[in-house]
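S.K.: Here's a structure for you.
The values are calculated or read from the model by the stated rules, or taken from the named source; none is laboratory data. Keep in mind it's a predicted model, so treat the numbers as computed, not measured. Here the Cβ positions follow ideal geometry from the backbone for every residue, glycine too, while neighbour counts run over all protein chains shown.
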Amino acid sequence: MSKQTTLNATHRAAGAKMVDFGGWDMPLNYGSQLEEHHAVRRAAGMFDVSHMTAVDMRGARCREFLRHLLANSVDKLKKPGKALYSCMLNERGGVIDDLITYHVSDDYFRTVVNAATRDKDLPWLQRQAAPFGVAITERPDLAMIAVQGPEARAKVLPLVATADRERVEKLGRFFCATDVHGLAGAPWFVARTGYTGEDGFEIHVANEHAVELWQALAAAGVHPAGLGARDTLRLEAGMNLYGQDMDEDITPWEGGLAWTVALDAGRDFIGRAALEQQKASGVPREMIGVVMDDKGVLRHGQRVATDKGDGVILSGIFSPTLGKAIAFARVPAGARENLRVDIRGRELPLRAVKYPFVRDGKPCEGINV
């Protein structure tokens, strides 16, 4: 039986279409997925992301542990409040999970892992943390609500206690604030992060306060949005999805995540040797963005023909903002010209483009809508 977030009954009361996602009963949409997508791009939308798992890491050697665990360098988190996106790798350099880690204090960090990877992530974290004396604590008592869009921050700020409002208002991108007092004095963990390409906040709040917060946001005009809109938004924004765009057999070099790897001197993180070996011998395949100008939809698993050999469509959607099909594709290294996708036996041309596909609600350069 699927697990339920504390907001499950609220979603159902709103008429949400519910689906299983990573073992959780989650809203796919509340009616029109297209309207939900456009609400986030043009105003503000909110997502229940409580199926993801917040994990607290505490200990005097916490930073040392994270230097070993993450492919990105935790040394970039120079002061409390900063956040870091990184991959957590296996010894082969494959991606166990991608996650955001928040620097709360020098002996306290928080990370958020994906719902579908929780059952493997937690034992891995426990095992890797043990030699450093770092305590790993799952936080099932917390709900998480993401409020995203150009009006998102303006909708959230009036719900913050007056004494904390300026601190939240001045929060920079990829920063967090702890012990923020929200509705009825409930403590919030607020991060200026998200998965849509839009500005906004991700709010961690105790389960018993989640329904009140959701209802207050709805009353303020924030549009509820489900997994469907979250997927089209994140792909337009050029953001990877674990399990489709990368997994334990895909390295960051092959998954379009080279920017998240820090080969800083003197840091022997898990998977580093494999990454260095692959880089030295030549990465055989890479992830690119593609656009299909013909009618049709690009879907996961479709074959991509290139002059260098076959590739495959990873994440693919019909973009509501662009009005055409876009996708990530994994292709042989250097393949950019004469790309074709096989759709039911017909090969249709694809254009290789740089992603993100959409920024600030508008097509990025080179998309040519």
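S.K.: Please find, within the range 345-355, the residue that is surrounded by the most Cβ atoms within 10 Å (Cβ to Cβ) out of those that are of a type outside the set (A, V, I, L, M) and in contact with a strand residue (DSSP E or B) (Cβ under 8 Å, 6 or more places away or on another chain).
M.R.: The selected residue is Tyr355.
S.K.: Quickly run through the range 35-48 and pick out the residues that are crowded, with 23+ Cβ neighbours inside 10 Å and of a type outside the set (D, E, K, R).
M.R.: Scanning the range 35-48 gives His37, Val40, Ala44, Gly45, Met46, Phe47.
S.K.: Still on this model: Can you tell me which residue among Arg41, Arg12 is over 18 Å from Ala143 (Cα atoms), part of a helix (DSSP H, G or I), among the basic types (Lys, Arg) and at pLDDT 95 or above?
M.R.: Criteria check complete, one pass: Arg41.
S.K.: For the range 339-353, give me each residue that is within 22 Å of Gly256 (Cβ to Cβ) and modelled with pLDDT under 95.
M.R.: none
S.K.: State all residues of the range 83-95 that are touching a Cys at 6+ places or on another chain (Cβ under 8 Å) and farther than 16 Å from Trp253 by Cβ; if no residue qualifies, say none.
M.R.: The one that is touching a Cys at 6+ places or on another chain (Cβ under 8 Å) and farther than 16 Å from Trp253 by Cβ: Ala83.
S.K.: Hey, another quick one. Any idea which residue in the range 102-134 is farthest from Asp245 (Cα to Cα), counting only those that are buried (at least 23 other Cβ atoms within 10 Å of the Cβ) and among the β-branched types (Val, Ile, Thr)?
M.R.: Filtering the range 102-134 for residues that are buried (at least 23 other Cβ atoms within 10 Å of the Cβ) and among the β-branched types (Val, Ile, Thr), the one farthest from Asp245 (Cα to Cα) comes out as Val134.
S.K.: Which of (1) touching a residue at least 24 places away in the same chain (Cβ under 8 Å); (2) within 25 Å of Gly94 (Cα to Cα); (3) touching a Lys or Arg at 6+ places or on another chain (Cβ under 7 Å) is the odd one out, the single condition Val312 does not satisfy?
M.R.: Answer for Val312: the failing condition is (1).
S.K.: Here's a follow-up. Tell me yes or no: at least one residue of the range 302-315 is surrounded by 16 or more Cβ atoms within 10 Å (Cβ to Cβ), of a type outside the set (A, V, I, L, M, F, W, C) and either assigned by TED's automatic domain parsing to the domain that holds Gly255 or closer than 23 Å to Gln148 by Cβ (or both).
M.R.: yes
S.K.: Restricted to the range 201-231, and to residues that are small (Gly, Ala, Ser) and touching a Leu at 6+ places or on another chain (Cβ under 6 Å), which residue is farthest from Leu34 (Cα to Cα)?
M.R.: The qualifying residue farthest from Leu34 (Cα to Cα) is Ala210.
S.K.: Something else now. Hey, among Leu183, Leu217, which residue is under 24 Å from Pro27 (Cβ atoms) and modelled with pLDDT under 95?
M.R.: Sole residue among the options that is under 24 Å from Pro27 (Cβ atoms) and modelled with pLDDT under 95: Leu183.
S.K.: Given the residues Ala262, Ala258, Ala274, Ala237, which is the only one that is out of contact with any helix residue (DSSP H, G or I) (no Cβ under 7 Å at 6 or more places or on another chain), in the same structural domain as Met88 (by TED's automatic domain parsing), free of Cβ contacts under 8 Å to residues at least 12 places away in the same chain and within 30 Å of Val312 (Cα to Cα)?
M.R.: Just one listed residue meets the conditions, Ala258.
S.K.: Residue under question is Gly366, and the condition is that it be in a strand (DSSP E or B), not aliphatic (A, V, I, L, M) and not assigned by TED's automatic domain parsing to the domain that holds Arg42; does it hold?
M.R.: no
S.K.: A further question on this structure: Name the single residue that is surrounded by the fewest Cβ atoms within 10 Å (Cβ to Cβ) among those in the range 135-182 being among the β-branched types (Val, Ile, Thr) and out of contact with any Pro (no Cβ under 9 Å at 6 or more places or on another chain).
M.R.: Looking at residues that are among the β-branched types (Val, Ile, Thr) and out of contact with any Pro (no Cβ under 9 Å at 6 or more places or on another chain), I get Thr162.
The rows are residues; the columns are (1) touching a Gly at 6+ places or on another chain (Cβ under 6 Å); (2) buried (at least 24 other Cβ atoms within 10 Å of the Cβ); (3) of a type in the set (S, T, N, Q); (4) farther than 25 Å from Leu322 by Cα.
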| position | (1), (2), (3), (4) |
| --- | --- |
| Phe189 | no, no, no, yes |
| Thr193 | no, no, yes, no |
| Asn207 | no, no, yes, yes |
| Leu217 | no, no, no, yes |
| Val222 | no, yes, no, no |
| Ala225 | yes, yes, no, no |
| Leu235 | no, yes, no, no |
